[in-house]
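To start, the structure itself, in structure tokens.
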Amino acid sequence: MSSSSSGDDFAVLNSSWLAALGEWMRTRTRALQIVQWCVVGAYVVLVAVPAFLPLPPEDAHGYDNLVVAAQWLFWGLWWPLVIASMFVLGRTWCGVFCPEGTLTEAASRHGLGLGVPRWMRWGGWPFVAFALTTVFGQVVSVYQYATATLLVLGGSTLAAIAVGFVYGKGKRVWCRHLCPVNGVFAILARISPLHFRVDSNAWSASAGRVRAHPVNCAPMVRIRRMTGPSECHMCGRCSGLHGAVALAARPPGREVMRIDPAEARAWDAALIVFGMIGLAIGAFEWSATPWFVDLRIALASRVLDHGPAWLLADNAPWWLLTHYPDAHDVFTWLDGALIVGWIVGTALVLGGFITICLALASLPMRGIRHRAYALSYALTPLAGIGLFVGLSALTVGLAKGEGMQVHALPMLRCALLGLAAAWSLRISYAQLRSRATGPRLAFALGAFALGVAGVLVAWYPFVFHVG
Ligand code: SF4
């Protein structure tokens, strides 16, 4: 990855109007703050109020029932669109709109100002936080019930405020280290075409000549050394700094095509392969696959015959397992265990298979481990578009409730996943061709393609049975 402008044709082509947009963001702090606090207000109302309203009747619509309206906004539009925005705007969502970011930064401005503890800097948090939230969200049915939404989103927001209050001074320590989707956004932003580009030559040359405006980079990015938008929240505050920072465009995916294997992180690879692909597919599919139903019936009858009987009890509280008798939706302990087992099992089997394929693809080159980590970033389009496809099932379900039909849904999903697979293969080719040629290159590409094919096969039940 390059930090300078050399060879950055895209950035040069687009530099003037994009740089002006970046400057506009920097100088309109007040306007951006108003936007942020409006989002916070809407978020608080839509997360909190529906949780205290009765369950919506079957024929409720988004326009006549606040619970359904909130479901539309949070799960039907917000999540899929936030994921999609990462492909185009990088982490602009985080820096300009995210209510948790706004709240944690505000709390940090008035809080204790303690330094970030060592345990919080552990590189595995993005994976662990994403995995726990994904699995927990499924067992409490976060997409279906407003109380579960309040529990998961509200709990995360309270934690963000508490962390902000205790740590940092006007910083977003929560976003940088503990936010459950920080890792996913950081990975997706690597393929975004927009970024704040740092011209290291201009920075050096500016010493003493160009006035530097004071910058509070809330996510604590080391701006001078920034080489991509992975950690940057695109807030625009550093635009024009030392005459060397400007909003610019670059070819989508180029950062991961050129990634230095020494910079590839094992936890990022784990998050892409086992989290964004494995866990996510398990979470999206368990309720759609007939195999899950068959397994549930077989295990329930076995427990009926041999015990222990408590496994079939449905006395778990709603904040631990789905429990809505009025909606005839109650999980037994066996259901909870099966859902967790299914999601984790899918992640292990599918993630294990992909890991083997990545290792095989890296075999012809030296430094297999780091090459495999680097190659895992090539799966980012497939993982990210997979998240979009999975989350958009909620949009489709809600649209159905409003009497709208999405025609040719499986075809649309196939097209999106097919494009994502092609993009991943293109990135892998760009990575591999500089390190292998002839039969070695063919072998490496074949092994990577096998992993991609495995992911596509795993999507089959979802693509054709959900919606
Ligand atoms: S580096 Fe920091 S200050 Fe600059 S745009 Fe990114 S988040 Fe904002």
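The values are calculated or read from the model by the stated rules, or taken from the named source; none is laboratory data. On a predicted model such as this, the values are computed, not experimentally measured, just so you know. Heads up, the Cβs are rebuilt from the backbone with ideal geometry, glycines too, and the neighbour counts pull from every protein chain shown. Each accessible area value is taken on the protein alone, full model and side chains, heavy atoms only, with ligands, DNA and RNA left out. Shrake-Rupley method; radii C 1.70, N 1.55, O 1.52, S 1.80 Å.
General observations
- Residues that are free of Cβ contacts under 8 Å to residues at least 24 places away in the same chain and among the hydrophobic types (A, V, I, L, M, F, W, C) within region 189-206 comprise just one, 205.
- Residue count for region 58-95, restricted to those that are open to solvent by less than 40 Å² (accessible area, probe 1.4 Å), hydrophobic (A, V, I, L, M, F, W, C) and within 16 Å of the ligand (Cβ to nearest atom): 2
- Qualifying position, being away from the ligand (no atom under 16 Å from the Cβ) and touching a residue at least 40 places away in the same chain (Cβ under 8 Å), among 300, 266: 266
- Region 106-125 residues that are touching a residue at least 12 places away in the same chain (Cβ under 8 Å), paired with ones that are of a type in the set (Lys, Arg) and in a loop (DSSP other than H, G, I, E, B) (beta carbon under 7 Å, 6 or more apart): 108/169; 108/171; 113/169; 123/265
- The set of residues from region 126-144 being open to solvent by 20 Å² or more (accessible area, probe 1.4 Å) and not in a helix (DSSP H, G or I) comprises 143, 144.
- Pairs are defined by a Cβ separation below 6 Å, a sequence spacing of at least 6 or placement on different chains, a first member in region 151-175 that is closer than 18 Å to residue 50 by Cα, and a second member that is assigned to a helix (DSSP H, G or I) and modelled with pLDDT under 95; the pairs so defined are 153/47; 154/47.
- Pairs with Cβ under 6 Å, 6+ apart, first in region 338-354 and under 14 Å from residue 276 (Cα atoms), second open to solvent by 10 Å² or more (accessible area, probe 1.4 Å) and of a type outside the set (A, V, I, L, M): 347/274; 351/274
- The set of residues in region 218-239 being farther than 24 Å from residue 83 by Cβ and open to solvent by less than 30 Å² (accessible area, probe 1.4 Å) consists of 223, 238, 239.
- Test: residue in region 199-215 that is open to solvent by less than 30 Å² (accessible area, probe 1.4 Å), at pLDDT 95 or above and on the phi < 0 side of the Ramachandran plot: no
- Every listed requirement among (1) out of contact with any helix residue (DSSP H, G or I) (no Cβ under 9 Å at 6 or more places or on another chain); (2) farther than 22 Å from residue 281 by Cβ is met by residue 411 save one, (2).
- Being of a type outside the set (Asp, Glu) and either within 16 Å of the ligand (Cβ to nearest atom) or modelled with pLDDT under 95 (or both) holds for only one residue in 127, 136, 185, and it is 185.
- When region 191-250 is filtered for residues that are charged (D, E, K, R), within 12 Å of the ligand (Cβ to nearest atom), more than 21 Å from the chain's Cα centre (by Cα) and assigned to a loop (DSSP other than H, G, I, E, B), the ones remaining, listed by number, are 222, 237.
- In region 299-407, counting only helices (runs of 4 or more DSSP H) that sit wholly within it, the ones holding 2 or more residues that are under 30 Å from residue 258 (Cα atoms), at pLDDT 95 or above and open to solvent by 50 Å² or more (accessible area, probe 1.4 Å) span 333-362.
- Test for residue 282: is it under 21 Å from residue 129 (Cβ atoms), in contact with a Phe, Trp or Tyr (Cβ under 7 Å, 6 or more places away or on another chain), crowded, with 24+ Cβ neighbours inside 10 Å and not β-branched (Val, Ile, Thr): yes
- Only a single criterion out of (1) closer than 30 Å to residue 344 by Cβ; (2) of a type in the set (Val, Ile, Thr); (3) within 15 Å of the ligand (Cβ to nearest atom) is not satisfied by residue 289, namely (3).
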